[in-house]
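Note sheet for the following structure.
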Amino acid sequence: MATLHATTVQALQSNKLSLLTTWIESLEASGATRNVKEADLKQQANDFLNTLIAALEQGGSQNVNHENWAETRVLLEKLSHSRALVGQDSQQTASFIFALKGPLFALLQREYAEQPAQLAEQLWEISELLDALGMHTIRTFQKSRELVIKRQQEELLELSTPVVKLWDGVLALPMIGTLDSQRTQVVMESLLQRIVDTGAEIAIIDITGVPTVDTLVAQHLLKTVTAIRLMGADCIISGVRPQIAQTIVHLGLDLQGVVTKANLADALALSLKRLGVTVTKAV
Amino acid sequence: MERIPILQMGEFLLVTIQVDMHDQLALTLQDDLSERINRTSARGVLIDISALDMVDSFIGRMIGTISGLSRIMDAQTVLVGMQPAVAITLVELGMTLPGVATALNVERGMKLLRERVENS
């Protein structure tokens, strides 16, 4: 495999500034700089060119996985990560590298105007190199995006299952949305932990916001109820809508002596009664 | 040999499990407890597992067995202080321990035990 000539690297070094300007111009023209501050872009472009030239000067391998390229790789990883966070898409991120091709090819054309055979070879080499760097950018960009999505999913899970204290010794858990195994797990854990923390005797699970109850959902509910009972607290299920009651009966589900109430108010009234608290109207 | 202590408090027996249970320890406890209930004619047994943070199906079954054998010997059993992780594990293992009375902490457990003994 042919390598880049020393003259090419030298040409890069001596024309760095003009290269930088034309590169940034073409970046701005392509619209890849949206949401990125101009100063940041300049800094990133400058850093990239510096590390690129430094890596090339160390010579040898064109393989971007080689340790000579470690600095460049880290720089690109940081860059694609920050791009993912400001919400740029993969195309915009990749153009950062690919926009360098234009100015670079023009430079090489000037440099090797007299030697067409060498020009073709050098062009091919530099093109390969930039492609590899671009691919690396996209890979890390995708990874960063996946991380963002995963984090958001987890946050959504936590957000959708708040445990609220209704009374001294009474906790309520209003469930919103479909219940799957993963959510039940999170719900169960946070509710049980709160029971330990607060020493609550009664936990109310409100399923008004659960659109459908099938056998699987009912099984998850039963698991939660059983776990609460094992911990030594009582559990009431409230918010059983008429359709849901019908479904449960039609499916022939056995809720095994679980206390169910039509709405949260009834469940609270029952808990207060069990706690021996009476609420009277002030005249 | 390692043993789990069984303390007597009036007509109740108190068992606090503060080490990781292994099978032999569980079997010894089962023997010791039945023997103690027989000797002291205790009316109630309180098992505190608040320090237990790991269970397997064997320990789960043992808890059920202890509760069952105490009941036959006319002693009520209350299980207190189960950790959330333990409760989830038992449920996932399908061991719902039907018929075992539970309470959040020792204080409430004693209250429940007295009520049950009075009613029995």
(request) Could you check what % of the DSSP bridge pairs in chain B are antiparallel, to the nearest 5? (result) 25
(request) Rank the residues A:124, A:167, A:23 as a footprinting-exposure proxy: fewest other Cβ atoms within 10 Å of their Cβ go first. (result) A:124, A:167, A:23
(request) Using only C-alpha atoms and all pairs of different ones, pull out the Kirkwood radius for chain A in Å with one decimal. (result) 24.0
(request) Return the sequence-ordered ³J(HN,Hα) values of segment A:272-283 in whole Hz as given by the Karplus equation 6.51 cos²θ - 1.76 cosθ + 1.60 applied to θ = phi - 60°, using x for Gly and Pro. (result) 4, 4, 5, 6, x, 9, 10, 10, 10, 7, 6, 7
(request) Sum up the charges of everything whose Cβ sits under 10 Å from the Cβ of residue A:201, counting Lys and Arg as +1 and Asp and Glu as -1, but leave residue A:201 out. (result) 0
(request) Return one number: the angle in degrees, 0 to 90 and rounded to the nearest 10, between the long axis of the Cα atoms of helix A:70-86 and the longest principal axis of the Cα atoms of chain A. (result) 50
(request) Any chance you could give the angle, 0 to 90 degrees and rounded to 10, that helix A:101-111 forms with the longest Cα principal axis of chain A? (result) 10
(message) If each residue of separation counts as 0.36 nm, what is the full-extension length gain between residue A:193 and residue A:128 once their alpha-carbon separation is subtracted?
(response) 17.8 nm
(message) Exposed loop sites here are trypsin sites (Lys or Arg not before Pro) in DSSP loop states with at most 16 other C-beta atoms within 10 Å. What is the longest stretch of chain A lacking them?
(response) A:38-280
(request) Starting with the fewest neighbours, write out A:141, B:12 ranked by other beta-carbon atoms found within 10 Å of each beta-carbon. (result) B:12, A:141
(request) Please give the helix A:116-159 orientation as an angle from the longest Cα principal axis of chain A, in degrees from 0 to 90, rounded to the nearest 10. (result) 10
(request) Please report how many Lys pairs in the protein assembly as shown have alpha carbons closer than 28 angstrom, counting only residues at least 8 apart along the chain or sitting on separate chains. (result) 29
(message) Using amide H atoms built in the peptide plane, which far-off residues or other-chain residues are under 5 Å from residue A:208 H to H?
(response) A:175
(request) Work out the FRET efficiency for residue A:165 and residue B:85 from their Cβ-Cβ distance, taking R0 = 30 Å, and round it to the nearest 0.05. (result) 0.85
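No lab work stands behind these numbers, since they all come straight from the coordinates. Not measured: the values here are computed from a predicted model. Note that each Cβ is placed from the backbone with ideal geometry, even for glycine, and that neighbours are counted across all protein chains shown.
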